Structure formats: C-alpha cells, structure tokens
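Some notes on the structure that comes next.
The values are calculated or read from the model by the stated rules, or taken from the named source; none is laboratory data. Since the structure is predicted, the reported quantities are computational estimates derived from the model, not experimental observations. All Cβ positions, glycine included, derive from the backbone under ideal geometry; neighbour counts span all protein chains shown.
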Amino acid sequence: MRHISAKDTNFDVSRSTIFLSYITQFLNYGIAIFVLPLILVKFESDELAIWYLFLSITSLVSLIDFGFSVSIERNVSFIFGGANELIKEGCSLNVTKEGINYYLLKSLLNSATKIYRYIGLSILVLLLVFGTLYLKKVLSDKFTPQIIYLWIIYATSIAFNFYYNYFLVVLKGRGLIQHNNYIIIVSKLLYLATLYILLINNYGLVALVMANIVSSLSVRILGKIYYLDQNTKRRINEIKQSSNIFPVIWYNAKKFGMSRLGVFLVSQSGIFICGLYFSLQDVAEIGLLLQIFSITQVLARVYFTAHIPKISSLWVKNDKVGIKNIFLRSQIIGYLFYFIIISVLLWKGNYILNEIIKSKTVLPSNIIIILYCFFYFMEITHGNSASLLATENKVPFLKASLISGAASVILTIIFIYNGFGLISLPLGLIAAQLPYNSWKWPYEVYKKLRVYQNVNC
C-alpha cells in the first residue's frame, strides 16, 4: 500500500476499487460467513444468543455517533472536491482555484478529532452502565462473572475502535476508497486468524472478544499512517490557527443522528425485543437470520456506498446527470445481488446449516424468512434513495425516520401481545415502513433527477 498525496485525490471509482469494495464489505459485514460454521459447531444456542446480545447492544454505537461520521466524511469530500467554504445545509458552489483549502481542512480535522474523543468516552460509559444492566436483566442467572469481564473488555475495545475510526472517515471522504479497503481487509484478516486460533482451542466467547481487540488495534495503526499524506500534513502544520466549524458539522449531524435513531429502531430493535419476550433459542434463530440479511443488504449496496464520495463531489459541480447514472447502476446491481443470495437462502438455507455445517442453531420458519425478504427489499430501495438525498448535505427524512422507527417498535409489541409470536418481528417492521418510507424517498429521487435524459447505464 503506497503513500498517497493530495494530488492523488480522485473521486472516480475504478472497477478494481469496486471489486475490492465487495471483498471489503464482505469481510467487514459478512465475516460471519467464515466464522459462523465454526461458531455454530462450537457454541450452544445459549452461548450464541449471548454473543448476538453483545452485538445488538454495541450497535448502539451508531446512535452515539449521532451522524458526525456522515457529516464529517461529506465535508471532507467537499473540501477535496474544491469547496472554498462549508455551509450548514447543501453544498457551496464557491470553489477554490488552488484545489484544496488547507485552512478549512485543518479546521475540519481539529473539530473531528475533538468530536471523536468525546464520543469515544461517552460510548464507553454508556455501554458499561446501560449495556450491563440490560444483560443482567435478560441473562439472569447466566450473567456470570466471566460474562461480566468479557463484556467490559469488549465494550472497551468498541469505544477504542470508534475513537480511531475518524482515520477511515477522512480516507473515505477523500475518495481514497482503495486505501480504506486495504486497511479494513487487513484488520478483518487479523480478526479471522485470531478468532480461528482461539476457537479451535476452545476459548469460546473469549475468542470473539480478543479477535475484536486485535482488529481494532490494526485499524488504529494503519489508519494513522495512511489517512493523510506527508505533504498534506506539512501544509496543515504550517497553518497556526483554525476556525471552530463545529456548528457547521453539528447542524446536519444532529439530523443524521436523529434519523439514525429511527434506523436503529427498525434494524436492531428486533433482537432487543426478542430477548425480552422470547427464549434464548428464539434469540439465536432470529439473530442468525438477521445477520444473514444484514450481510446481504450490505453487499447489495456496496456499489452505491463506494460511490458516495464521488456523488458528494458531483453535487459541488452540479452534475446531476452523473449522479443519476451512478444511482441507476447501483440499484440494478444491488437487486441482482440481493435476489441471488435470497434465492439460495430460501432454497437451501436450513439444508446448508443442518447437513453441511452441522449447526446447533437453524433458521426460523419460512413465513418469517419470506417476510424479512420483503422488508429488506424495501430497505435497499428506499435506503439508497434516502442516502442519495443525504449526499447533498440535506436530511429531509428525519421526521419520517423517527416516526417509522417508533411505530415499528410499538406495532411489534402490539402483535406480540395479540399472540402473533415470532412473526410479530418482521410484521411490525413492514407495517411501519410500507405506508410512507417505502415509496416516498424513491419518488423524491425520481422528481429530483427525472429532467435529465440520455442516461447511460
């Protein structure tokens, strides 16, 4: 991995970068595919359920981030795209002739460092306090001293990893997707190596916690080396003063953060609710299914997410034709990936688990799987649409996200109390999204880009 300079910043995404992005996201989110066979053989259902509870609690990190990562990444893209100023909403067409406004860049990086430091500490405190209380309630007599110690270590590594995540945010904002991919690939391979060695030697949950620590350390070391080139660091250090641009970052970050609360309620509340109303065996089955769907959704959206920095830079140039081209390709490629993977899941999912992997945990009933299939199809459709609107540094979906998130939780609990059982989980999600989000944001994207014709897909 060679060193990079500011002049290397290029928001065009090559085919090799796209290919590497699929590998990266597969490792980043789909790493479970490599470890699940061994985990499913080594872990009893109770142990697997505990691990899924760990993951669900730490998913709260995305809420505590409060949209800062998205806002900072987008503003980095604006600066390296030539923006001479950062504004609270939308993107300025005031472009510098020098390419990069280093004073503006230093101001942004200084603010980002402080933000990540404070959030990292907040994550640690909240996970240790509220996460511990939740685990104690759900696990009851299974909340042993060993589980407590493992949880403390794991929560600490999550906070540590978040603090140094700003290295990757800057890399992605610069459009250096390939270098970001290299770092993630290395960290995940180290995660896999550590995990396999410890699991084979029967370390159980300890293996998962230690693997996470090793992965976090590698991101910190490699990220610090590559997130800025030497010339950019030198130019920044020559500037003795900087401005406080926190108000600019915060203006839309708070909106992204609140909208993420809605996304969290939709995507992660299932395991929390399942843990409160159903058995650990049910938690393990639903957790396994949601993990597979989460992996599938991420892979289906790789092409789009890899192009987000480029889309942000195209807004600076007001190139809506280019944006439309990227978006249409993203949707077509995403749907193909999704339906191929889902077809395999429906056709041979439990056969693979039972006969090939010899898993101690299987998938829930087919009706639950089919309902989740429909829900995640909606998520890919309106999720990409909402994300496209957000690349313009606007958050029109805040109110809808919060309402649908709250509605999904309320409806799910209502269905449970009316005897729908596990089917309540996907049914509540669909009932909350279908009336508005599922059609509103695709329609808004259509209105924004429909006047541009002759799109080359």
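Details
- Selection count where residues are outside any helix (DSSP H, G or I) and at pLDDT 90 or above, scope segment 441-457: 0
- Which numbered condition Leu228 misses (of (1) crowded, with 18+ Cβ neighbours inside 10 Å; (2) in contact with a helix residue (DSSP H, G or I) (Cβ under 6 Å, 6 or more places away or on another chain)): (2)
- Of residues in segment 409-452 being within 24 Å of Glu285 (Cα to Cα) and hydroxyl-bearing (Ser, Thr, Tyr), the one surrounded by the fewest Cβ atoms within 10 Å (Cβ to Cβ): Tyr417
Residue-by-condition table, conditions (1) without any contact (Cβ under 8 Å) to a residue 40 or more places away in the chain; (2) part of a helix (DSSP H, G or I); (3) surrounded by fewer than 23 Cβ atoms within 10 Å (Cβ to Cβ):
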{"position": "Leu171", "(1), (2), (3)": "no, yes, no"}
{"position": "Gly175", "(1), (2), (3)": "no, no, no"}
{"position": "Asn180", "(1), (2), (3)": "no, yes, no"}
{"position": "Leu189", "(1), (2), (3)": "no, yes, yes"}
{"position": "Thr194", "(1), (2), (3)": "yes, yes, yes"}
{"position": "Leu198", "(1), (2), (3)": "yes, yes, yes"}
{"position": "Ile221", "(1), (2), (3)": "yes, yes, yes"}
{"position": "Lys224", "(1), (2), (3)": "no, yes, yes"}
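- Whichever residue in segment 282-319 is assigned to a loop (DSSP other than H, G, I, E, B) and in contact (Cβ under 8 Å) with a residue 24 or more places away in the chain and, among such residues, is nearest to Gly383 (Cα to Cα): Arg301
- Of everything in segment 226-236 that is among the hydroxyl-bearing types (Ser, Thr, Tyr) and either part of a loop (DSSP other than H, G, I, E, B) or within 26 Å of the chain's Cα centre (by Cα) (or both), the residue that is farthest from Gly99 (Cα to Cα) is Tyr226.
- Looking across segment 37-47, the residues that are under 20 Å from Gly275 (Cβ atoms), at pLDDT below 75 and not in a loop (DSSP other than H, G, I, E, B) come down to Leu40, Ser45.
- The number of residues in segment 413-434 being closer than 13 Å to Tyr372 by Cβ and not hydrophobic (A, V, I, L, M, F, W, C) comes to 4.
- Residues of segment 390-408 classified as within 30 Å of Lys317 (Cβ to Cβ), buried (at least 17 other Cβ atoms within 10 Å of the Cβ) and not hydroxyl-bearing (Ser, Thr, Tyr), total: 7
- Some residue of segment 336-351 being in contact (Cβ under 8 Å) with a residue 60 or more places away in the chain, within 26 Å of Thr24 (Cβ to Cβ) and assigned to a helix (DSSP H, G or I): no
- The condition (being free of Cβ contacts under 8 Å to residues at least 24 places away in the same chain and in contact with a helix residue (DSSP H, G or I) (Cβ under 8 Å, 6 or more places away or on another chain)) is satisfied by just one residue among Gly405, Gly322: Gly322.
- Flag for Phe375 being among the hydrophobic types (A, V, I, L, M, F, W, C) and crowded, with 20+ Cβ neighbours inside 10 Å: yes
- Filtered residue count, segment 286-336, keeping only those that are in contact with an Asp or Glu (Cβ under 8 Å, 6 or more places away or on another chain) and within 30 Å of Leu48 (Cβ to Cβ): 1
- Val138 being closer than 20 Å to Tyr52 by Cβ and either of a type in the set (Gly, Ala, Ser) or surrounded by fewer than 22 Cβ atoms within 10 Å (Cβ to Cβ) (or both): yes
- Meets criteria (at pLDDT 85 or above, farther than 16 Å from Lys114 by Cα and among the small types (Gly, Ala, Ser)) for Ala159: no
- Residue count for segment 357-384, restricted to those that are in contact (Cβ under 8 Å) with a residue 24 or more places away in the chain, over 26 Å from the mean Cα position of the chain (by Cα) and assigned to a helix (DSSP H, G or I): 2.
- Of the candidates Ser424, Ser408, Ser387, Ser438, the single residue that is part of a helix (DSSP H, G or I), polar (S, T, N, Q) and in contact with a His (Cβ under 7 Å, 6 or more places away or on another chain) is Ser438.
- Matching residues in segment 237-255 - criterion: being surrounded by fewer than 18 Cβ atoms within 10 Å (Cβ to Cβ) and either touching a Pro at 6+ places or on another chain (Cβ under 7 Å) or assigned to a helix (DSSP H, G or I) (or both): Asn237, Glu238, Phe246, Pro247, Tyr251, Lys254
- Residue within segment 142-163 that is in contact (Cβ under 8 Å) with a residue 40 or more places away in the chain, crowded, with 18+ Cβ neighbours inside 10 Å, touching a Gly at 6+ places or on another chain (Cβ under 8 Å) and outside any helix (DSSP H, G or I) present: no
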